[in-house]
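Q: Shown below is the structure under consideration.
The values are calculated or read from the model by the stated rules, or taken from the named source; none is laboratory data. Because the structure is predicted, anything quoted here is derived from the model rather than measured. Here Cβ is always computed from backbone atoms with ideal geometry, including for glycine, and neighbour counts include all displayed protein chains. Ligands, DNA and RNA are excluded from the accessible area calculation, which covers all protein heavy atoms including side chains. Shrake-Rupley method; radii C 1.70, N 1.55, O 1.52, S 1.80 Å.
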Amino acid sequence: MNMEQLKEFVCLETRKRELDSEIKSITARIDDLEQALVPQFLGDGVASMKVDGRTVYIAQDIHASPISDRSEVIAALRSSELGQYVTENYNTQSLRAFVREVAAEVRQHCQQSDRLFSEEEVRAALPEKLGGTLKISFVHSLRSRKA
């Protein structure tokens, strides 16, 4: 084991966590300032200002969300000429969680029967049609945490 590389990894990971913490703090302060400044810009009728070599401006974005139930919006889109906005989809995070649950059971079963835990074992344990459509990959990474 190259201890110098390992020590460098730990040092960089520690520094990264410090910077992540600092970024979170800065982002929170920016959010606070934004909430105070946007009404001032709007109240004063100012669209933009230059400060210390930067232009600060009001950006407008438009969001649309259901008034009560998402299914009502879907039905309305399908019944109008806007049906192209409705797609059939699945939640990738939920699917990943399901595959992880199946993998945990497969890992335990493989350990009990002294078999190699593999991507193919996980795929075979999924419902047949689903297993035939998914690629299962084990991804390994190096992590650390405070001792």
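Q: From the residues in the stretch 81-100 that are surrounded by 10 or more Cβ atoms within 10 Å (Cβ to Cβ) and over 19 Å from the mean Cα position of the chain (by Cα), which one is farthest from Pro127 (Cα to Cα)?
A: Leu82
Q: A further question on this structure: Does any residue of the stretch 8-15 turn out to be among the hydrophobic types (A, V, I, L, M, F, W, C), open to solvent by less than 100 Å² (accessible area, probe 1.4 Å), in contact with a helix residue (DSSP H, G or I) (Cβ under 6 Å, 6 or more places away or on another chain) and modelled with pLDDT of 90 or more?
A: No, because not a single residue in the stretch 8-15 is among the hydrophobic types (A, V, I, L, M, F, W, C), open to solvent by less than 100 Å² (accessible area, probe 1.4 Å), in contact with a helix residue (DSSP H, G or I) (Cβ under 6 Å, 6 or more places away or on another chain) and modelled with pLDDT of 90 or more.
Q: Right, another one. Regarding Glu72, is this residue surrounded by 11 or more Cβ atoms within 10 Å (Cβ to Cβ), more than 22 Å from the chain's Cα centre (by Cα) and farther than 21 Å from Phe138 by Cα?
A: Yes, satisfied.
Q: Could you identify the single residue in Lys7, Lys24 that is in a helix (DSSP H, G or I), basic (Lys, Arg), more than 25 Å from the chain's Cα centre (by Cα) and within 27 Å of Arg145 (Cα to Cα)?
A: None of the other options fit; the residue is Lys7.
Q: I would also like to ask the following. I'd like the full set of residues that are over 13 Å from Phe117 (Cβ atoms) and of a type in the set (A, V, I, L, M, F, W, C), limited to the stretch 87-105.
A: Residues satisfying the conditions are Leu95, Ala97, Phe98, Val99.
Q: Take the residues of the stretch 111-147 that are touching a residue at least 12 places away in the same chain (Cβ under 8 Å) and of a type in the set (Asp, Glu): which is nearest to Cys11 (Cα to Cα)?
A: Glu119
Q: Quick check on Leu77: is it touching a residue at least 12 places away in the same chain (Cβ under 8 Å) and either within 30 Å of Lys135 (Cβ to Cβ) or of a type outside the set (Lys, Arg) (or both)?
A: no
Q: Here's a follow-up. Please find, among Arg143, Arg78, Arg115, the residue that is outside any loop (DSSP other than H, G, I, E, B) and either in contact with a His (Cβ under 7 Å, 6 or more places away or on another chain) or open to solvent by 70 Å² or more (accessible area, probe 1.4 Å) (or both).
A: Arg78
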